[in-house]
Amino acid sequence: MNTGTVKAGDVLEPGATVAHVANNRDRQAVTAEHGGTVVEWLVEDGDPVAPGQPLLRIHPAAE
C-alpha cells in the first residue's frame, strides 16, 4: 500500500486517486468515490490491506 502525497487536511475531488495497492503481479489505483476533506489515514505505507478495507477517513464536502 502506497499512500502517495495525500495528507490530512487535503480536499479531494470525487474520483481523485488517493493511493496505490500492489501485490506481486499487479498495482491498482485507489480512488475517492466522493469528494471531501481528508481527516486521517487508517493505514500506513507498507501495511497489508484487504479488499473492502477502509483506508482513509474523509469528511464529506458540503453541497
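If you go through segment 1-21 and keep only what is acidic (Asp, Glu) and either in contact (Cβ under 8 Å) with a residue 40 or more places away in the chain or in contact with a strand residue (DSSP E or B) (Cβ under 9 Å, 6 or more places away or on another chain) (or both), you end up with just Asp10.
So how many residues does segment 22-52 have that are in contact (Cβ under 8 Å) with a residue 24 or more places away in the chain, open to solvent by 40 Å² or more (accessible area, probe 1.4 Å) and among the aliphatic types (A, V, I, L, M)? So the answer is 2.
The values are calculated or read from the model by the stated rules, or taken from the named source; none is laboratory data. What you see is a predicted model, and the numbers here were worked out from it, not measured in a lab. Neighbour counts are summed over all protein chains in view; Cβ atoms, including those assigned to glycine, are modelled from backbone coordinates with ideal geometry. Areas reflect the complete protein model, heavy atoms only, side chains present, ligands, DNA and RNA absent. Shrake-Rupley method; radii C 1.70, N 1.55, O 1.52, S 1.80 Å.
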